[in-house]
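For reference, the structure is listed below as structure tokens.
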Amino acid sequence: MSTAPKRGMYQGQWYSDLATLPDRGADIAASFATPASRVNTDIARLRDQPGSYHLFAAKACPFAHRVLMMRALIRQAPVGVTYCDPWLGGPQGWTFAPGSAPPTGQEALWQVYAVSDPAYSGRVTVPVLWDSTAGAIASAESLDIMQALAAACLLEMCPQEPEFADLCNWIHQHLNIGVYKVGFATDQASYGSAVDALDIALDKTAELVADGYAFGSGPTIADLMIFATGIRFDIAYHGAFHLLHRRWGDNKALQQHLERIAALPGVAGTLAFHDYRLHYFDEAGFPVRQPTATGRYILPRTCDPL
């Protein structure tokens, strides 16, 4: 999967095509290491004054979705949220859904980043936790935001054992990112390697949840991370990312876990199946069907009929 940024912000300006930059500098990739967060998340204020924070998210995005599920599970007054349109192929990147009223008064997410840091260089992604008091981004990392919400309101969702942190990192790297490594492979060999690695991750995930939950006797953020990939697998990744040789629903343990998490209070309200289709089956936003250096397309792995 290519890690080269195709579009984003450079020195406070948005570029739908970074190749058009007048002066890309010695290494534009280095500039994209700039952290989006400008202030630290105040856990006590997040707990006691949730209205002082605001969430920018898209139901279509799995990384934003797992934060939305955390928000739904919190019974206290929730952090406000502005939703982005599921279509990512437009020239402005993530734009806000019709009827949204972001506290910053902008129309596109990159403008929120610019308000937070007028000299920002980097990617523009969801989710974003906005600190309305500071007028700045507190975090643009989904796992960080989930952990902050857990620390403020749902401690049981984020066990403190070192093994749990390792598990979450494994899920993120091998399952959540694993599907994208398949979908954005640029040649047959890298596609094959990514599929092999994902198959191993899927089998291990099935073992993790076979007895109920990924860690311990109740749901944790690890389960939400698994669910965010699982709910998109058959409806989007299977076709859009050429994972045609298997379905999530064909594995009993994975499917039962999917149904178990979907039944948690509030989770059903975070689902948006049509958004997943709009988001992933779109060559403007996800140009995964690209010819390789040989001129041929990657040959997807499929099941033999006999």
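Residues that are within 18 Å of L143 (Cβ to Cβ) and open to solvent by 10 Å² or more (accessible area, probe 1.4 Å) within the stretch 182-212 comprise just one, L208. G89 - would you say it is touching a residue at least 60 places away in the same chain (Cβ under 8 Å) and of a type in the set (G, A, S)? Criteria met by G89. Is it the case, given these coordinates, that R247 is at negative phi, open to solvent by 40 Å² or more (accessible area, probe 1.4 Å) and in contact with a helix residue (DSSP H, G or I) (Cβ under 6 Å, 6 or more places away or on another chain)? In short, yes.
The single residue among W110, W130 that is in a helix (DSSP H, G or I) and either of a type in the set (S, T, Y) or at pLDDT 95 or above (or both) turns out to be W110. Kindly indicate whether D234 is modelled with pLDDT of 95 or more and not basic (K, R). Taking the combined requirement at face value, the residue satisfies it.
Residue-wise test of (1) closer than 19 Å to N176 by Cβ; (2) open to solvent by 10 Å² or more (accessible area, probe 1.4 Å).
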| residue | (1), (2) |
| --- | --- |
| Y53 | no, no |
| C61 | yes, yes |
| A64 | yes, no |
| L68 | yes, no |
| G80 | no, yes |
| P86 | yes, yes |
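Mind checking whether some residue in the stretch 170-177 is outside any helix (DSSP H, G or I) and under 30 Å from V79 (Cβ atoms)?
The initial filter retains those residues of the stretch 170-177 that are outside any helix (DSSP H, G or I), namely 177.
Filter once more, keeping what is under 30 Å from V79 (Cβ atoms): 177.
Among the residues of the stretch 170-177, at least one is outside any helix (DSSP H, G or I) and under 30 Å from V79 (Cβ atoms), which makes the answer yes.
In the stretch 225-278, of all residues being of a type in the set (S, T, Y) and out of contact with any Pro (no Cβ under 7 Å at 6 or more places or on another chain), the one that is nearest to G89 (Cα to Cα) corresponds to Y276. For G269, indicate whether it is farther than 30 Å from D187 by Cβ and either aliphatic (A, V, I, L, M) or under 20 Å from the mean Cα position of the chain (by Cα) (or both). In short, yes. Give the residues of the stretch 215-243 that are farther than 19 Å from C153 by Cβ, buried (at least 23 other Cβ atoms within 10 Å of the Cβ), touching a residue at least 40 places away in the same chain (Cβ under 8 Å) and of a type in the set (G, A, S), sorted by residue number. Answer for the stretch 215-243, where residues must be farther than 19 Å from C153 by Cβ, buried (at least 23 other Cβ atoms within 10 Å of the Cβ), touching a residue at least 40 places away in the same chain (Cβ under 8 Å) and of a type in the set (G, A, S): A228, A236.
Within the stretch 257-271, the set of residues being in contact (Cβ under 8 Å) with a residue 12 or more places away in the chain and open to solvent by 60 Å² or more (accessible area, probe 1.4 Å) comprises R260, P265.
Quick one: in the stretch 36-45, of everything that is under 22 Å from the mean Cα position of the chain (by Cα) and not basic (K, R), which residue is surrounded by the most Cβ atoms within 10 Å (Cβ to Cβ)? If we take residues in the stretch 36-45 being under 22 Å from the mean Cα position of the chain (by Cα) and not basic (K, R), then A36 is surrounded by the most Cβ atoms within 10 Å (Cβ to Cβ).
Would you mind stating whether V288 is hydrophobic (A, V, I, L, M, F, W, C) and within 22 Å of D211 (Cα to Cα)? No; evaluated as a whole, the condition is false for this residue. Entry remark, the stretch 272-306: residues being open to solvent by 50 Å² or more (accessible area, probe 1.4 Å) and among the aromatic types (F, W, Y) number 3 in total. The numbered conditions (1) within 22 Å of L208 (Cβ to Cβ); (2) among the polar types (S, T, N, Q); (3) without any contact (Cβ under 8 Å) to a residue 24 or more places away in the chain are all true for S142 except (3).
The residue pairs whose first member lies in the stretch 175-192 and is of a type in the set (V, I, T), whose second member is assigned to a helix (DSSP H, G or I) and open to solvent by 10 Å² or more (accessible area, probe 1.4 Å), and whose beta carbons are closer than 7 Å, counting only pairs six or more residues apart or on different chains, are V182/A194.
The values are calculated or read from the model by the stated rules, or taken from the named source; none is laboratory data. Because the structure is a prediction, the values reported are computed rather than measured. Reconstructed Cβ throughout: ideal geometry from the backbone, glycine too, with neighbour counts over all protein chains shown. Protein only, heavy atoms only, side chains kept; ligands, DNA and RNA dropped before computing areas. Shrake-Rupley method; radii C 1.70, N 1.55, O 1.52, S 1.80 Å.
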